[in-house]
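Visitor: First the structure, then my questions, so here it is.
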Amino acid sequence: MRNFVLILFLACRTMITLAGNASDGVIKGVILSEGTAVAYANVGLEGTSLGNAADVNGHFEITSVPAGTYTLFVSAVGYGPLKKDVTIRSGEVVQVRLELQELTNNLQEVVVTGTMKETFVSESPVKVEVLTPKFLQANPTNNVIEALQTVNGVQEQINCGVCGTNDIHINGMEGPYTLVLIDGMPIMSALATVYGFNGIPISLIRRVEIIKGPSSTLYGTEAVGGVINIITKRPEDMDLITFNTFYTSHRESSTDISITPFRGKKLSTTVSGNFYRNQYRMDFNRDNFTDIPLNERVTVYNKWNLKRKDDRAASLAFRYYYEDRFGGVLNWQDKDRGSDNVYGESIETKRWELIGTYQLPLKEVIRLDYSMNGHHQDSYYGTTHYKADQSVYFANLIWNKVLSNHDLLMGTTAKYQLYEDNSLANTNEAKLVHGLFLQDDITIRERTHLLAGIRLDHHQEHGVIMAPRLSMKYKVGTYSTARLNMGTGFREVHLFTEDHAALTGARTVLITEKIKPEESYNATTNFNQVYNFIGGVGTLDLDAFYTYYTNKIIPDYETDENLIIYDNLDGYGITRGFAFNVQQQFKFPLKMNVGATFQDVYEMAPDVNGISHRVSQLFAPVVSGTFGVGYEWKKKGWSTNLTGRVMGPQHLPAFAAPFDRPVISPWYTLQNVQVTKVFDCGVEVYGGVKNIWNYTQPSPLVDPAHPFGDRFDTSYAYGPLQVRRFFVGLRFSLKELRMKSEE
């Protein structure tokens, strides 16, 4: 009898459950933009765990929806978010048609860099600039650094006129002051900063986020000047195959290809590669040296993403990078590597990176981010052999908790770095830095947000270092926002990866025992205004920035001709200025962007008599500007883009006669144009001209006739070194395979 009752109870319970499920409703729909399907958009019901992703044709379905009224939320890369109220009754199937608007500005892009958690650009207390894939495709490049040239306040700087190594300056501050992240991970060690931008297929980039100004509270050392975070696409958002290749009249070829073999309900993966080759020995400036380095580069990238319950994060990515780079005398051959007869700079680089994130299966939002990388460099600078290995292991444990109007972010980090080289200093380092940080995003009123944070890091040599910051966002009006950010930054300098003079010269390197990390105090303000003009929408940004930094570590070449002495600057440095940027989308299909930055970057340092004097920062233009114009004939599939920048005077290195050069650079402009045709099958063909006006600076080399002599110098590079060139390219994506069954 007892068993019968138990069976009856279970049967009734099952019937009730089935009846309940049967009474649940279903939401079906399609997501479009101007009549075209939006593939792989994310769709969810706010306040629930119910949701799904659209398929390649924009169709989606959400099942088991209890009766009630919900807010349907839709988001997709490159489109503004959409919210729509939906009412569903028991057993009902609701059909919806959702129309997304393509973004004409970046205010509704989702960003993570400013606060280490997702938020919209318009809602972030910290100003974050966003570069979309469309922006990157408007000017084809073989590396992200070149694309960043058209961002206001961001400058590519060539550090070596022979081997062509370069970095990024933000608001006049040198490359080592900028932290490069990939998917939020600071895997770009000082030895490898330039390589963080190379070899990443543009088609793989979801967006690039840029913060100008110190962000050491969240990201620690090396984030004094700013942060550039390269966010890669999720495998589930990738097409089955993407392909992009272009070729220039200078015989440069670059090819990107990615394959996403499966986008399952639980697991998705994508594999991509980049191959770049340039073996054309150009010498248009007639100094008998290659104008730009020869290069062969291969990158392989693989990313896995696991879809888990309640959308908990879980991903793993791997990248391998190989590059063989040469710059030098035109008749140099491989057999001359390290030769004292024919001068050449030959750099072979091998690098691997592993990046992952995993949200713990807990009720609380706790996430573990981790990364590791190994970098091997084997190079010759003339006869000087420089060989170095660097490994960095990083872990970040983050807890996000919302309490009333407080959005708390707490975490602990650990970074372990190994470095070894064969320089005269015979460096062999093993450093561990661990830290704690706390951030509170407070909603004071509907219009006011306050972001307060503090970070404590423990360094083996320097003890505990504290970095606080305070940010405030105030909604002045419906379309007006003001921001104020204040904070401190610090940077531990890696001397032998930032100054080749310490590596390749004949002098002995001496580091004083009292050397301290560089510290900075920073304040930035931003005002953003959205407006209507001639039936279109535009945005205006006004920015002002000020940084005061101490303990700047500089080399002393004058005290002893046999030594390079590194010590902290007995003085201070200043970076200050203001900028504006205007974006305008007209009612007709014309987009315009123009911006300018005015800056003053200098140091106050005492001379041998103890009298302080001003020293202007080299390669920091007093004024610079960027602009872009794009027009699109959507019905015919044609579009054209003009991009460019204007560079004002820069202070340059001084050399003694007879090798003296101007110490102030001239004004110049660098402009590119591209025309694109999109065919009905989805194939895109594009072509254009780089460096339209054919401007290049004179030879960046001092005494190139005697490259093994004491006067030879490669640092006089302030402008373009590559003359006008034409390019043509092809790109397409295949969303899915369509195979006809045979009878």
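The values are calculated or read from the model by the stated rules, or taken from the named source; none is laboratory data. What you see is a predicted model; the values in this text were computed from it and never measured. In this analysis, Cβ positions are derived from the backbone assuming ideal geometry, glycine residues included, and neighbour counts consider all displayed protein chains. Heavy atoms of the whole protein, side chains included, go into the accessibility calculation; ligands, DNA and RNA do not. Shrake-Rupley method; radii C 1.70, N 1.55, O 1.52, S 1.80 Å.
Visitor: For region 247-361, what is the accessible area per residue in Å², given a 1.4 Å probe and the full set of protein chains?
Guide: Solvent-accessible surface per residue comes out at 47 Å².
Visitor: Let me ask you something else. Using mean Cβ contacts within 10 Å as the protection proxy, how do 156-168, 700-712, 579-591 order, highest first?
Guide: In decreasing order of mean packing, 156-168, 700-712, 579-591 become 156-168, 579-591, 700-712.
Visitor: Between Asn57 and Arg614, what length comes free when the chain is fully extended (0.36 nm per residue of separation minus the Cα-Cα distance, one decimal in nm)?
Guide: So the chain would gain 194.3 nm between Asn57 and Arg614.
Visitor: Counting only other residues whose beta carbon sits under 14 Å from that of Ala138, what net charge do I get with K and R as +1, D and E as -1?
Guide: Charge balance near Ala138 sits at +2.
Visitor: Taking all protein chains in place and a 1.4 Å probe, what share, in percent, of the accessible surface of region 643-699 do carbon and sulfur account for?
Guide: Answer for region 643-699: carbon and sulfur cover 69 percent of the accessible area.
Visitor: Give me, ordered by chain and number, the residues 5 or more places off Asp24 or on other chains with an amide H under 5 Å from its own placed amide H.
Guide: Here Gly91 satisfy the definition.
Visitor: Amide H of Leu267: which non-local residues (sequence gap of 5 or more, or other chain) have their own amide H closer than 5 Å, using H built in the peptide plane?
Guide: Distant-sequence amide H within range of Leu267: Lys307.
Visitor: If you don't mind, there's one more thing I want to ask. Mind checking which lysines have their C-alpha under 16 Å from Lys363, skipping anything on the same chain fewer than 8 residues away?
Guide: Lys309, Lys401
Visitor: Of the heavy-atom accessible surface of region 261-407 (probe 1.4 angstrom), what whole percent is carbon and sulfur?
Guide: On the way: 3870 of 6980 Å².
That share works out to 55 percent.
Visitor: Continuing with the same structure: What is the calculated FRET efficiency for Trp352 to Val646, with r their C-beta to C-beta distance and R₀ = 45 Å, to the nearest 0.05?
Guide: That pair, Trp352 with Val646, gives E of 0.70.
Visitor: Ok, one more. Taking H placed 1.01 Å from N in the peptide plane, check which residues at least 5 places from Arg206 or on another chain put their amide H under 5 Å from its amide H.
Guide: Sorted by chain and number, the residues that satisfy this are Ile231, Thr232, Lys233.
Visitor: While we're on this one: Obtain the nm distance between the two label points defined at Leu418 and Leu360 by a simple spin-label model: each point lies 7 Å from its Cα along the Cα-to-C-beta direction.
Guide: 2.8 nm
Visitor: Below 12 angstrom from the Cβ of Ile257, what's the summed charge of the other residues (Lys, Arg +1; Asp, Glu -1)? All intermediate terms of the calculation are to be shown ahead of the outcome.
Guide: Working: positive: Arg731; negative: Asp239, Asp256.
Within the 12 Å Cβ shell, the charges total -1.
Visitor: Stokes-Einstein at 4 °C, 1.567 mPa s, Kirkwood radius from Cα pairs: D for region 582-671 in µm² s⁻¹?
Guide: The Stokes-Einstein estimate is 78 µm²/s.
Visitor: Another question, then. So, in nm, how far is label Leu484 from label Glu34 when the simple model puts each one 7 Å beyond its Cα toward the Cβ?
Guide: Distance between the two pseudo-spin positions: 4.2 nm.
Visitor: Note the full-extension length gain between Asp324 and Trp638 as 0.36 nm times their separation in residues minus their Cα-Cα distance, in nm to one decimal. Display every interim value, and only then the final one.
Guide: Working: separation 314, 0.36 × 314 = 113.04 nm, distance 3.77 nm.
Here the segment from Asp324 to Trp638 would lengthen by 109.3 nm.
Visitor: If you don't mind, another one. Full extension from Thr669 to Asp607: what is 0.36 nm times the residue separation minus their Cα-Cα distance, to one decimal in nm?
Guide: Contour length minus Cα-Cα distance gives 18.7 nm.
Visitor: Say the cut-off is 19 Å between C-alpha atoms; which of Lys83/Lys591; Lys212/Lys473; Lys134/Lys233; Lys591/Lys634 go over it?
Guide: Exceeds cut-off: Lys83/Lys591.
Visitor: Leaving ligands, DNA and RNA out of it, rank Leu403, Leu670 by accessible area with a 1.4 Å probe, largest first.
Guide: Reading off the accessible areas and sorting them downward yields Leu403, Leu670.
Visitor: Another question, then. Which whole-Hz ³J(HN,Hα) couplings does region 380-396 yield from phi under the Karplus relation 6.51 cos²θ - 1.76 cosθ + 1.60, θ = phi - 60°, glycine and proline marked x?
Guide: Once θ is set to phi - 60°, the couplings for region 380-396 become 10, 10, x, 9, 7, 9, 10, 10, 9, 10, 9, 10, 10, 10, 9, 9, 9 Hz.
Visitor: Return the distance in nm (one decimal) between the two label points of a simple spin-label model at Thr448 and Met410, each offset 7 Å from Cα along Cα→Cβ.
Guide: The answer from the label model is 2.6 nm.
Visitor: With θ taken as phi - 60° and the coefficients 6.51, -1.76 and 1.60, list the Karplus ³J(HN,Hα) couplings across region 334-343 in order, rounded to whole Hz; mark glycine and proline as x.
Guide: 4, 5, 8, 4, x, 6, 9, 9, 10, 7
Visitor: Could you compute the net charge surrounding Tyr276? Neighbours are other residues with a C-beta less than 14 Å from the C-beta of Tyr276; K and R count +1, D and E count -1.
Guide: That sum, taken over residues with Cβ under 14 Å, equals -2.
Visitor: Same structure again: Which value, in debye to the nearest 20, gives the size of the charge dipole of region 327-422 about its Cα centre, when Lys and Arg are +1 and Asp and Glu are -1 at the Cβ?
Guide: Using only the charged Cβ atoms, the result is roughly 480 debye.
Visitor: What percentage of the solvent-accessible surface of region 129-185, computed with a 1.4 Å probe over protein heavy atoms, is contributed by carbon and sulfur atoms?
Guide: Of the solvent-accessible surface of region 129-185, carbon and sulfur hold 49 percent.
Visitor: What accessible area per residue, rounded to a whole number of Å², is obtained for region 561-710 using a probe radius of 1.4 Å? Don't skip to the end; give the middle numbers.
Guide: On the way: 7590 Å² over 150 residues.
Here the per-residue accessible area is 51 Å².
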